[in-house]
1. Can you tell me which of 44-54, 30-40 comes out highest on packing, and rank the rest after it, using the mean Cβ neighbours within 10 Å?
2. Label points 7 Å out from Cα along the Cβ direction at Val178 and Leu58: separation in nm?
Amino acid sequence: MFAFLAAMVREANSRFGRADPLPMIRALGPGSVSSFLKVILDVFYVVLWFIAGALALLTFGMLLVSFDPQVLPPAVLHSLLTNTRPSFSAGALMIAAGEVQVVFVLIIVQRLRKIFGTMTAGDPFHPENVRRLRIVGLFLALLEIARYVTGAVLAFGLHEPPPQGEGVNLTAWFAVLVVFVLAEVFREGARLRRDAELTI
């Protein structure tokens, strides 16, 4: 977020001939805040793939047990079906929902990596960044909706208590609105850059 705002301030200052108020902080280019954030996102992206793989294996195991419970020892199977809280079905649902949410986060992080890649290259108002930001906003909203759907299925379908904090998250929805507004700001920035190039 800081890198986005800093880039906009620099663009406005250069357009109006003002001195840069952030001379000690480089928002764009190699060795800047953007490049540092890009490295963090790259590492996080790899970690997310490991998490997605682990959840996929757990989901496959749950499916295997649901189709053929005899693969488990009788004592373990009896414990899973009678003495666990949450139930086996609720646990399977939460693992599957976690896999879906990790996939959504992977999509978000992948788009953010591309955005910060253009900022590291010194081109924050690349036309593709508008579409990327809209995708980020869309999947942030889908993350919240998936959380509500999981809680509803647990409560009304499986009669299990939903996880803590299943209410409406105003901060998450505010973040969705901010990302869509940023997309429009970047769209306007890309338009101004295109007009300037045509004028030259």
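1. Values: 44-54: 13.1, 30-40: 16.3.
Averaged packing, sorted descending, gives the order 30-40, 44-54.
2. Here the answer is 2.9 nm between the modelled labels.
Values in this text are rule-based calculations from the coordinates and carry no lab data. Please read all numbers here as calculations on a predicted model, not as lab measurements. Quick reminder, even Gly has a Cβ in these numbers, built from the backbone with ideal geometry, and neighbours come from all protein chains shown.
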